[in-house]
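These notes concern the structure reproduced below.
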Amino acid sequence: MSKKHAMVTLKTRASSLFVCLIALTSLIHSTDAYSNRAGHCEEGDLSDKPYSGHGTSGMGQIGDGDGNYKAMFDSLTLDIATTTEVVRNQEYTVTLMVDTATGSPDDFRGFLFRLRQANRQPIAADTFFPDGNSNVQSQLFCPPGISAITHTNGSDKTSVDFKFLTDAPVGTDFVLEVTVMYRRATNNWYYSMFDLTVIDSPPATPMPSPGCIEDSSALIAGIVSVDGTTFGTCGLLASYPSFISSVCALDPKAEAEAFSPAVVCEVTCGTGPGPEDPSAKILALTLEGGSPKDNKGTCADLAALSPSIISFACNIDLSIWDNYVASDKCCDTCSV
């Protein structure tokens, strides 16, 4: 073979290889239009992806007067103008659906949910994950640290759902990009970007006790003291919110026991060896006309009474205070 003939043959083969490469490139780009998943997992909309086969001019947001679709985390609809709070370690159902309230319903065929950290640090690939819906699957070909969900077929759909769960630290910010393909035709796509932030679990809201029926006129002990015990009602307590926490936490019986004659006046009551301070103050609760009466005095006052009254005072039943426990009587007010 002459040198000239060899060079012609080499050029012919190189030309053929170049044609094959072009064909292969076209084939690779055509996978972007496959109906069994999104053809990419790149950041941004399709305006800079001419190889997608879907055109570079979309139809606007997925909602907000453009498309008739909405993306939801549980019952909360995502808004492009609002940062959505997601609770750490709480599983959410993520839904893409036709929003019939915005106009005539338009079904959809393809979609891509792409999630990344706002600071571009990696996230777990399974932050989004399928949960039995045959129309969704995890997206392949994503860069490391990206979580994405896409369609499995090109059939018409009105709703799809999957799951979201993150253990990212509180304060982590996510960027969620949602692309919805209305039809397999040029420029028939919508795109929106949403901001998410991770928060801690909110404190549980106290609930009224089971079977609680609060009587606003029920009498309660607000302060238990040897210098004067204060009684009030549930209605009065409810009108002074600043006192609710302290009054609802009060255990009147425990407070009164420290001032009871049997504890303070050991010698007079014969409950201990003493010593006994004659000036020590004591408190005993009795009923007078059906209403509570706090009887105050000192050990010296008690020692001057008759043996029968001393015996009564020293053996008084402290459980009488249990009738005036705010947390029991004011179950609704104390649950706030």
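Taking the Cα centre of region 81-225 as reference, the dipole from Cβ charges on Lys and Arg (+1) and Asp and Glu (-1) amounts to some 680 debye.
In this simple spin-label model, placing a label point 7 Å from the Cα along the Cα-to-Cβ direction at both residue 216 and residue 311 gives a separation of 4.7 nm. For the chain, a Kirkwood radius taken over Cα pairs fed into Stokes-Einstein (20 °C, viscosity 1.002 mPa s) yields D = 80 µm²/s. With a cut-off of 15 Å between beta carbons, the residues surrounding residue 171 carry a summed charge of -4, where Lys and Arg count +1 and Asp and Glu -1. Counting lysine pairs in the chain that sit 8 or more residues apart in sequence, or on different chains, and whose Cα atoms lie under 18 Å apart gives 9. DSSP beta bridges confined to the chain are antiparallel in about 95 percent of cases.
Output the DSSP H helices from the chain with an along-axis C-alpha extent of no less than 27 Å and a mean Kyte-Doolittle hydropathy no less than 0.5. In the chain, the long hydrophobic H runs are 3-30.
Compute, for the chain, the length of the dipole vector about the Cα centre, with Cβ point charges of +1 (Lys, Arg) and -1 (Asp, Glu) only. Units Debye, rounded to 20.
Numbers: 21 positive and 39 negative charges, 590 e Å.
The dipole of the chain has a size of about 2840 debye.
Across region 32-199, the mean sequence separation of Cα contacts (distance under 8 Å, 6 or more residues apart), normalised by length, yields a relative contact order of 32 percent. Using the average count of surrounding beta-carbon atoms within 10 Å as a protection proxy, the listed peptides 281-293, 321-333 rank, highest first, as 321-333, 281-293. Relative contact order, whole percent, for the chain stands at 15, derived from Cα pairs under 8 Å and 6 or more residues apart.
222 nm [θ] for the chain, helices only, -39500 (n - 2.57) per DSSP H run of 4+, per residue, to 500? Could the numbers behind the result be given before it?
Values: 9 runs with 72 residues, N = 336.
Helix contribution divided over all residues of the chain: -5500 deg cm²/dmol.
FYI, it's all coordinate maths here, none of it is from the lab. Worth saying up front: this structure is predicted, and the values here are computed from it rather than measured. Every residue, glycine among them, receives a Cβ derived from its backbone with ideal geometry; neighbour counts consider all protein chains shown.
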